[in-house]
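The values are calculated or read from the model by the stated rules, or taken from the named source; none is laboratory data. Because the structure is predicted, anything quoted here is derived from the model rather than measured. As a convention, Cβ positions derive from the backbone with ideal geometry for all residues, glycine included, and neighbour counts pool all protein chains shown. To get the accessible areas, we keep the full protein, side chains included, count just its heavy atoms, and leave off ligands, DNA and RNA. Shrake-Rupley method; radii C 1.70, N 1.55, O 1.52, S 1.80 Å.
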Amino acid sequence: MEREEIFRIIESFGGAVYDRPFAEDPESVVLRHSDTRRWFGLYFRVPKRYFGEGEGSEFCLNVKCPPDLSAALRQNYTAVWPAWHMNKAHWITLRLHGDLPSAEAEQLLRLSYDMTDRPVPRGKS
């Protein structure tokens, strides 16, 4: 899955936008709800050392995911990891050029959008 495909998918959601809020990192893109500004995804570079692969980095996508589904996905796909730099119980990192089918990645992006489209009580992620 490429960046342009991710943008095309979220544009179909209605009420979703993306921006580059990090001045020091113009490549990273936050996917968010236009009304609440809540994040439902992050497209950014993850160091390959996180995956045990040494030097360099690759673009990945972080999405929110229920913990039980996250565990099942990590067992079934080598492209699904606990989230890099986010709450590992509630977010996952998707390696975009791994064994996770694009249709599944699209469903996970939609799930993340839906999960973050409601108020969260204080103290919860």
Original post:
Does residue 8 meet the test of being open to solvent by 50 Å² or more (accessible area, probe 1.4 Å) and either farther than 17 Å from residue 84 by Cβ or part of a loop (DSSP other than H, G, I, E, B) (or both)?
Top reply: yes
Original post:
Out of all the residues in segment 18-30, is one or more over 16 Å from residue 113 (Cα atoms), open to solvent by less than 50 Å² (accessible area, probe 1.4 Å), in contact with a Phe, Trp or Tyr (Cβ under 6 Å, 6 or more places away or on another chain) and polar (S, T, N, Q)?
Top reply: yes
**OP:** Report the residue count in segment 59-118 for those that are of a type in the set (A, V, I, L, M), assigned to a helix (DSSP H, G or I) and surrounded by 18 or more Cβ atoms within 10 Å (Cβ to Cβ).
**Re:** 4
Original post:
If residue 46 passes every condition in (1) open to solvent by 10 Å² or more (accessible area, probe 1.4 Å); (2) in contact with an Asp or Glu (Cβ under 8 Å, 6 or more places away or on another chain) but one, which one does it miss?
Top reply: (1)
Original post:
Since residue 54 meets every condition but one in (1) at negative phi; (2) free of Cβ contacts under 8 Å to residues at least 12 places away in the same chain; (3) touching a helix residue (DSSP H, G or I) at 6+ places or on another chain (Cβ under 7 Å); (4) not aliphatic (A, V, I, L, M), which condition does it not meet?
Top reply: (1)
